[in-house]
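Just so it is clear, none of the values below were taken in a lab; they were calculated from the coordinates. Predicted, not measured: the structure shown is a model, and the values here were computed from it. No Cβ is skipped: glycine too gets one built from the backbone with ideal geometry, and neighbour counts run over all protein chains shown.
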Amino acid sequence: MCGMKIGELSKLTGLTASRIRFYESAGLLLAVARQANGYRDYAPETASMLEIIDSAQRAGFSLEQIRHLLPLGDGSWNHEELLVALKAKVAEIEVLQKRLKQNKAQLLVAIDSIENRPDGIECADNRMRVLNRLRGKGVVASRRKPARDA
């Protein structure tokens, strides 16, 4: 297959033409010269490069990080740098997953505490009951400062 117009590349990758142009202007894709008819003619391997860029962005890499991880001018990858970056991103995701798990646990305790509110309890008392339950489950740390001796 010879070169593709931007519309064909857009259909093939699922990315909008404006997104492809943006990646090109941001230096993530090699600039493509315009043909005599004014159209850009993209090489077939551009589609796989766009998939890599899109996947990396969805994984949480910034455009600057992606730019440094893409293959060098001769098309070869810096495997060592790539592995370091990928492992670092996995570590970031694991931290985020842990935080999300804690957030979920906190919300579930709060939901349960509110849904199972004892009859006749005042709102202010229930608030303290909910907070105490959250603290008891280790979901919310007490932020109160210890009392100072007078």
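Structural remarks
- Count of lysine pairs in the chain with Cα separation under 25 Å (8 or more residues apart, or interchain): 9
- Along the axis of the charge dipole computed for the chain (Cβ charges of +1 for Lys and Arg, -1 for Asp and Glu, origin at the Cα centre), the listed residues Ser62, Asn126, Gly3 are led at the positive end by Asn126.
- Histogrammed with a bin width of 5 Å, the alpha carbon distances of the stretch 1-77 distribute as 3, 15, 28, 27, 17, 7, 2, 0 percent, first bin at zero.
- 222 nm mean residue ellipticity, helices alone, for the chain (DSSP H n ≥ 4; -39,500 (n - 2.57); rounded to 500): -19500 deg cm²/dmol
- In Hz, Karplus ³J(HN,Hα) per residue of the stretch 37-44 (6.51, -1.76, 1.60; θ = phi - 60°; x = Gly, Pro): 7, x, 8, 7, 10, 7, 6, x
- Percent of alpha-carbon pairs separated by more than 17 Å within the chain: 73
- Whole-angstrom gap from the stretch 1-62 to the stretch 81-137, using each part's C-alpha centre: 41
- Normalised by 2.2 N^0.38 Å, where N counts its residues, the alpha-carbon radius of gyration of the stretch 45-130 equals 1.92.
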